[in-house]
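I have placed the structure first, in the form of structure tokens, so that the comments after it can refer back to it.
The values are calculated or read from the model by the stated rules, or taken from the named source; none is laboratory data. Keep in mind that what you see is a predicted model, and the values were worked out from it rather than measured. Positions of Cβ are generated from backbone atoms using ideal geometry, with glycine treated the same way; all protein chains shown enter the neighbour counts. Keep in mind that these areas ignore ligands, DNA and RNA; they rest on the heavy atoms of the full protein, side chains included. Shrake-Rupley method; radii C 1.70, N 1.55, O 1.52, S 1.80 Å.
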Amino acid sequence: MNQRPGPTTFQAAAQEQQLGPGLTPAGLQATGTLRARRLLVAGLNLATLAALLYGLSRVLSAGGWSAADLVIFIAFLFGAPWTVLGFWNAVIGLWLLHGIEDGQGRVAPFAAAGDAPTSVAIRTAILMTLRNEDPARAFRRLEIVKASLDATGEGEWFDYFVLSDTDDPAVAAAEEKLAASLAATIGDASRLTYRRRTDNTGYKAGNVRDFCERWGERYEVMLPLDADSVMSGAAIVKLARMMQAWPKLGILQSLVVGMPSKSAFARIFQFGMRHGMRPYTMGSAWWIGDCGPFWGHNAMVRIAPFRDECHLPVLPGGPPLGGHVMSHDQVEATLMRRAGYEVRVLPVEMGSWEENPPTMLEFARRDLRWCLGNLQYLKLMDIPGLKFMSRFQLAWAILMFIGLPAWTLMIALLPVKVWEDRGLAGYPAGLAATLYVLFFAMYLSPKLAGFADILLSKGGTKRYGGTGRFIVSSLIEIVFAFLQGAVSTFRTTIFMVGLAFGKARIGWNGQARDAHALSFATAFAGLWPHLLFGLYIFGALALLSPTVLLWSLPLTAGYVLAIPFAMLTASPALGRWFARRGLCGIPEDFDPPAELTAILAGEPK
């Protein structure tokens, strides 16, 4: 068994990591190359944003600057950067995938794992964290992960831990029973450890830290899994070999994709994410490099530096922004990089899956938890010793959600702006329309790049059920994205207004993961503010300018359609109809791997 390295401060770690002049800690990349890429991306983004702001200023100032014009301009300054960076990530990613030879190798020098060992010799703990989840569902997934690992011939290097924060006695009793059964199946009680905490101090991050303090010295790396996570044995072994080959690789995040779903909402959502994430993540990995993301699961983590250097602070002040950090993963990534270890994402599909929320309301609930967690980063920007890119990652995560109420504010002021500019001579309507269409193209660019990637790849559309199905599914997903985006943006805006007044709260508990219908009463209770806001926008624009109302529909239709949209996409009947016709299917729907076949075989029809 590997010996535990002694604790070290991040300054000492940074000093001892140098493998050669001008290299990143693991020796995977020249720092000069990475710096040049980052400067290029920064220049492209700043130039694009400046051009958009200049064009917007021409439109807004056509009749002189009013208070509404200034508010819209400032709101655009907060709302646009995410879209601009997404555009350039998608462009770079598509270029890497199809414009140059061996794009994957240039993004992550270890992507092909050509220098990695051919067998595993690194002790690894696989962790599944639970809190009031369906025990049978979670343990079935862990059992399938183990069987897949054993089939590789490398299973002896992996032990399993079920780390429970469950506080429901009935669920806890079922977990204990299933843990004992799985341990008996394994035949070696030391290979499976079940531990339940009596409270969930620190949430999931506290759960994992408890493991590191109690058992971490036995292992070199760990693989956290969520209750809905599944990974193939081949994918886990590949990550383990890379961690073994590069000791200064602190976190190696796999590209996580959705699993086949019976829910229409999840099916359409993950269809869009599946092809859009590939060029986006490929492009971002090209310039983020050794300061990559960590999503908290389906990733290899080196235990010693994580345990010794990635302690999360308890934030000052009371709730909602004070207390324990909720969105812990990106903070841990910045601390790992501070400790002198690389954090990388492997931007290729490789047998790493998760489930997506089955309804609009479940999706919003998860999104609001992320929103609160990301806003807590406001209190973490002054952590000493962080790399510039790490601080940028935290700031960018904050801006991701601050930009949403900025868009809501711009839409709320649209009728005001139409009223102010009524009858204005020489209004630059052509420039306004050009900016609108151009920005929409940029907003859709990750999806469009994903479509292009599949269409340009040999056999690409065949994996999605054929070219006809893929094109129809893509059109469905674009309409879905506009409606879902409006609902999510407005719900997040309401939540953030509540945060500003100390009223908003969000819990941490088990999630509904199976397809289920939403009643009108449930949908109305959650989405009536959207309808009210939509009626204001539609009514005002219908009176002031029906033409502007038509142009606004991609942004505003989701408000008035929020309730039927949520009910329709949650309908199990619609989900079954989509599945029968292969619409919005992902490759695993048409050619399921053994791991997912085993999971689907155990689920109710």
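Once you've got the Cα coordinates, tell me which of 146/238; 146/204; 447/503; 248/387 are over 27 Å apart.
Beyond 27 Å between Cα atoms: 447/503.
For residue 127, tell me the accessible area in Å² from a 1.4 Å probe, rounded to the nearest 10.
Looks like 0 Å² after rounding.
Hey, if you put +1 on the Cβ of every Lys and Arg and -1 on every Asp and Glu Cβ in the chain, which of 443, 138, 273 ends up farthest toward the positive end of that dipole?
Projecting each Cα onto the dipole axis, the largest value belongs to 443.
Which value, in debye to the nearest 20, describes the size of the charge dipole of region 245-397 about its Cα centre when Lys and Arg Cβ atoms bear +1, Asp and Glu Cβ atoms bear -1, and nothing else is charged?
120
Between residue 580 and residue 479, what length in nm is gained on full extension when 0.36 nm per residue of separation is reduced by their alpha carbon distance?
Between residue 580 and residue 479, full extension yields 34.3 nm more.
What accessible area, in Å² to the nearest ten, does a 1.4 Å probe give for residue 341?
Solvent-accessible area, nearest 10 Å²: 30 Å².
Could you provide, to the nearest whole Å², the per residue accessible area of region 150-262 with probe 1.4 Å?
It amounts to 36 Å² per residue over region 150-262.
Using a probe radius of 1.4 Å on heavy atoms only, what accessible surface per residue do you get for region 490-605? Whole Å² is fine. Before the final figure, lay out each step's value.
Details: 5970 Å² over 116 residues.
Per residue, region 490-605 has an accessible area of 51 Å².
Considering only protein heavy atoms, what is the solvent-accessible area of residue 82 at a probe of 1.4 Å, reported in Å² to the nearest 10?
Here the residue's solvent-accessible area equals roughly 80 Å².
Relative contact order (percent) for the chain, with alpha-carbon contacts under 8 angstrom and 6 or more residues of separation?
About 20 percent, as a whole number.
Quick check for you: with a 1.4 Å probe and neighbouring chains kept, what is the accessible area per residue of region 288-415, in Å²? Kindly include the intermediate steps, with their values, before the conclusion.
Working: 3550 Å² over 128 residues.
Computed with neighbouring chains in place, this is 28 Å² per residue.
Within 10 Å, count the other beta carbons around each residue, average over each peptide in 296-309, 568-581, and list them highest first.
Ranked by mean Cβ neighbours within 10 Å, highest first: 296-309, 568-581.
Report the Cα-based extents of region 440-583 along its three principal axes, largest first, to the nearest Å.
Largest first, region 440-583 extends 53, 44, 28 Å along its Cα principal axes.
Would you please state which residues of region 477-498 a label at residue 522 would reach in this model, taking the label point 7 Å out along Cα→Cβ and a backbone N cut-off of under 13 Å?
Correct set: none at all.
In the chain, what percent of the accessible surface is made up of carbon and sulfur (1.4 Å probe, ligands and nucleic acids excluded)?
With neighbouring chains kept in place, the figure for the chain is 64 percent.
Using the Cβ atoms and a cut-off under 14 Å, what net charge is assigned to the surroundings of residue 62, where Lys and Arg are +1 and Asp and Glu are -1?
The answer is 0.
Which whole-Hz ³J(HN,Hα) couplings does region 427-440 yield from phi under the Karplus relation 6.51 cos²θ - 1.76 cosθ + 1.60, θ = phi - 60°, glycine and proline marked x?
5, x, 4, x, 5, 4, 5, 5, 4, 4, 5, 4, 5, 5
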